[in-house]
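The values are calculated or read from the model by the stated rules, or taken from the named source; none is laboratory data. Bear in mind that the values here come from a model prediction, so they are computed numbers and not experimental data. Here the Cβ positions follow ideal geometry from the backbone for every residue, glycine too, while neighbour counts run over all protein chains shown. Just the protein is used for accessible areas: all its heavy atoms, side chains included, with ligands, DNA and RNA removed. Shrake-Rupley method; radii C 1.70, N 1.55, O 1.52, S 1.80 Å.
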Amino acid sequence: MIRVATLLPELLGTYGDGGNAVVMATRARRRGFDVELIEVGVDDPLPDANLFLLGGGEDGPQRHATEVLHARGLAEAYRAGAHVLAVCAGLQILGTHFCVEGDDRFEGLGLVDAVTTRGVKRSVGELAVLVGGRHLVGFENHGGVTTLGEGVAPLGRVVRGRGSDGDVDGFRAPRLWATYAHGPVLALNPWFADEILASVVSAELAALPTVADQLYAERLRALGL
Amino acid sequence: MVLRKGQPSPRLALSPFLNVISVERMPSALKTRDRLAVTGVRIVNQLSRRLGRGSGTVAGGRFGLRVDPRLLRVLAQGREVALVSGTNGKTTTTAMIREGWAGDVASNTSGSNMPEGHVAALVASASSRVVLEVDEKWLDVTVRDCAPRVVVLLNLSRDQLDRSNEVRAIAERWRSLWATVETASVVVVANANDPLVVYASETAAHVRWCDVETSWTADAVSCPKCTQTLHFAGANWHCACGFARPTPSTSLHDDQLQVGAATRTLRLALPGAFNLANAAMALTAVHELGVDVAEASQRVAQLSDVAGRFSRRHWRGHDLRLTLAKNPAGFAAMLATIRDLPGEIWISINARVADGRDPSWLYDVPFAQLRGRVVHCFGERRLDLATCLDYAGVDYVLCSEDSPPSPNGPVTVLANYTAFQDWLVRSTK
Ligand SMILES: [Zn+2]
């Protein structure tokens, strides 16, 4: 049984981020795995899950979500072996500090040494990131600039858009992926969904052809990649 | 706009403007600059129409505002103005107010809902009655310029987030608007069931709260005042901080409409619970404008086609009914209306600038309710749609406008903004 938990969808779910849970569950089920999808509300305790998903959110909800996840012990669950995928505001929450609501600085969950400051202007548009020889495509819409601490690996190198700072996007740690490609990034990048799923089930996965492969190919063409 | 070489120079006959505001009829207080601007709006719009560039409402308005940045204020002066804003239902509600008010009403029927469109509408008609739909981001500017009698605030939800960023920022802007304008003479007609609208309206001096069906509250799960969780029970909602649903003075339950003291049955030619909600708010506005609600509601009930929406069309042997939805809340409402209709469902998705460049929102649409049906996927982003449907467990067929499926009963087309315009152009009456 694979347990996939969407964290605080009412606070972190601005851009169709809920799609990532559905994609993960569907791709696992079609390969014969049992999957339980769990939505974790602000008043719920943190469930025992194999994979936690964090989406994007507006400033106030992002700050509130951080407090809730801190109190519920997401960092402890991660250190105890859970997998985590975070997009957009979720990425900022996993870092050590972030700025929202003007220049107020808030403490993140500190899963990764990463600091987000407010950028000069918002980054809005198509994003493509080279991740281990493959392109991750998506859409970004955020005002943050994220700087990684020493030894922290970015998710990949930016080839379209801005990502964390114009050069790299997101970060990568054992069992943890974070990107500014918001919303249903797993729907746009079936290989990325499978990379995470393979890690969750600790097994090689058989290919799973779906219409998402056509979508991925079409997005690459549209971006000239 | 520039005339191209070799094109016959358009005759600037004033005949098409017999009904429209003439410089002579304009208030005598108008300064030369205003008159120049109005004449400019007219000429540019006429040229743009003749050259086949658009419907001729934006270019002229933009020109006029460049000549005279205060033009909207000048044109609105002395007229009775109603404004309609919100994420969904602006165009329909504006049409309903026009219908309910009756007689000659100046209005931006083309759907250009920013200042250039407003200027064009006020140049095109000298009527003392004005109803304008207003883009959410322009409401504050438009209220300041038009000094409206009534402002209708329908709902607020995620829409084109690549352009407007955050829906709460809009609620915040509306809220601060009422603190900075003279609001004693404005009546705000606001949706009491939408917490973001309530947050945005409660600072106004006079509000008529409307209890109308509002199924989408996913953008107001946390309190706009304090970010704690809002508690919903039916249409009612409240927060621990004290922020709560106000007591409505208009209500609509099933088809029973109560505005002020009177209750009457409201049945519309237009489909959908969301259109009943629009009508209830339009009739509340019309009531505030001094019109008899009984008569107005009869006129509103007969409205059957708003800018092509819900219209029956033909295309390559198919009988189509065209419907429009632009964002998750609109799609959720429309899916509930069309999912049980007989025949095929075609959904058409684009992601041009006017649609929002990012179709991530598809994953906020409750497509799973279409399980058991087959959806034909059209539009430039049909692969995004098909992928979303696939993961939602809904059967789909990838289609192309160039190779249409063969006719097989009536078709309901559900399209987002530019895709809808494409279908209007592609099909015939
Ligand atoms: Zn509150």
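Side notes on the structure shown:
- Any hit, the stretch B:266-280, residues being of a type outside the set (Val, Ile, Thr) and farther than 27 Å from B:Leu335 by Cα: no
- Among (1) more than 10 Å from chain B (Cβ to nearest Cβ); (2) in a loop (DSSP other than H, G, I, E, B); (3) surrounded by 24 or more Cβ atoms within 10 Å (Cβ to Cβ), the one test that A:Gln92 misses: (2)
- Test: residue in the stretch B:211-227 that is at pLDDT 85 or above, within 22 Å of the chain's Cα centre (by Cα) and open to solvent by 40 Å² or more (accessible area, probe 1.4 Å): yes
- The residues in the stretch A:154-168 that are assigned to a strand (DSSP E or B) and over 19 Å from B:Asp358 (Cα atoms) can be counted, and the count is 3.
- Residue match in the stretch B:334-353 (condition: surrounded by 22 or more Cβ atoms within 10 Å (Cβ to Cβ), within 9 Å of chain A (Cβ to nearest Cβ) and either free of Cβ contacts under 8 Å to residues at least 60 places away in the same chain or closer than 23 Å to B:Glu213 by Cα (or both)): no
- Candidate set: the stretch A:115-126, residues that are among the aliphatic types (A, V, I, L, M) and in contact (Cβ under 8 Å) with a residue 12 or more places away in the chain; chosen: the one farthest from the other protein chains (Cβ to nearest Cβ): A:Val115
- Unique match (being farther than 20 Å from B:Val286 by Cα, without any contact (Cβ under 8 Å) to a residue 60 or more places away in the chain and outside the structural domain of B:Pro328 (by TED's automatic domain parsing)) among B:Ala124, B:Ala120, B:Ala59, B:Ala106: B:Ala59
- Matching option when the condition is more than 20 Å from A:Arg219 (Cα to Cα), at pLDDT below 95 and part of a loop (DSSP other than H, G, I, E, B), among A:Gly144, A:Gly151: A:Gly151
- Any hit, the stretch B:155-165, residues being at pLDDT 95 or above, assigned by TED's automatic domain parsing to the domain that holds B:Thr263 and open to solvent by 20 Å² or more (accessible area, probe 1.4 Å): no
- Test set (1) more than 8 Å from chain B (Cβ to nearest Cβ); (2) open to solvent by less than 20 Å² (accessible area, probe 1.4 Å); (3) not in a strand (DSSP E or B) - A:Gly13 fails condition number: (1)
- Some residue of the stretch B:260-274 being at pLDDT below 95 and surrounded by 23 or more Cβ atoms within 10 Å (Cβ to Cβ): yes
- Failed item in (1) farther than 26 Å from A:Val124 by Cβ; (2) without any contact (Cβ under 8 Å) to a residue 40 or more places away in the chain; (3) surrounded by 14 or more Cβ atoms within 10 Å (Cβ to Cβ), with B:Asp402 passing the rest: (3)
- Which listed residue, of B:Thr387, B:Thr412, B:Thr418, is β-branched (Val, Ile, Thr), within 14 Å of chain A (Cβ to nearest Cβ) and open to solvent by less than 40 Å² (accessible area, probe 1.4 Å): B:Thr387
- Here B:Ser400 meets the list (1) out of contact with any helix residue (DSSP H, G or I) (no Cβ under 6 Å at 6 or more places or on another chain); (2) closer than 24 Å to A:Thr26 by Cβ; (3) of a type in the set (Gly, Ala, Ser) almost entirely, failing just condition (2).
- Of everything listed in (1) more than 13 Å from chain B (Cβ to nearest Cβ); (2) free of Cβ contacts under 8 Å to residues at least 12 places away in the same chain, the single unmet condition for A:Leu7 is (2).
- Test result for A:Asp48, touching a residue at least 40 places away in the same chain (Cβ under 8 Å), out of contact with any Leu (no Cβ under 9 Å at 6 or more places or on another chain) and more than 10 Å from chain B (Cβ to nearest Cβ): yes
Table: residues versus (1) at pLDDT below 95; (2) in contact with a helix residue (DSSP H, G or I) (Cβ under 9 Å, 6 or more places away or on another chain); (3) within 14 Å of chain B (Cβ to nearest Cβ); (4) assigned to a helix (DSSP H, G or I).
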position	(1), (2), (3), (4)
A:Asn20	no, yes, yes, yes
A:Met24	no, yes, yes, yes
A:Leu37	no, yes, yes, no
A:Val42	yes, yes, yes, no
A:Gln62	yes, yes, yes, yes
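Okay, residues lined up against (1) within 21 Å of B:Ile338 (Cβ to Cβ); (2) more than 16 Å from the ligand (Cβ to nearest atom); (3) part of a strand (DSSP E or B):
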site	(1), (2), (3)
B:Thr263	no, yes, yes
B:Leu270	yes, yes, no
B:Leu276	yes, yes, no
B:Ala282	no, yes, no
B:Glu295	no, yes, no
B:Arg299	no, yes, no
B:Leu320	yes, yes, yes
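- Qualifying residue in the stretch A:69-78 (condition: within 11 Å of chain B (Cβ to nearest Cβ) and touching a residue at least 12 places away in the same chain (Cβ under 8 Å)): no
- Among (1) within 14 Å of chain B (Cβ to nearest Cβ); (2) in contact with a His (Cβ under 6 Å, 6 or more places away or on another chain) - the single one A:Arg30 does not satisfy: (2)
- The criterion of at least 3 residues that are closer than 19 Å to A:Ala86 by Cβ and open to solvent by less than 30 Å² (accessible area, probe 1.4 Å) is met by the following helices (runs of 4 or more DSSP H) wholly inside the stretch A:182-224: A:185-188, A:190-201.
- Flag if B:Val198 is under 24 Å from the mean Cα position of the chain (by Cα), within 14 Å of the ligand (Cβ to nearest atom) and surrounded by 18 or more Cβ atoms within 10 Å (Cβ to Cβ): yes
- Given (1) within 12 Å of another protein chain (Cβ to nearest Cβ); (2) of a type in the set (Val, Ile, Thr); (3) open to solvent by 20 Å² or more (accessible area, probe 1.4 Å), number of the condition B:Val374 does not satisfy: (1)
- Among the candidates A:Val112, A:Val129, the residue that is more than 13 Å from chain B (Cβ to nearest Cβ), at pLDDT 95 or above and over 27 Å from B:Gly356 (Cβ atoms) is uniquely A:Val112.
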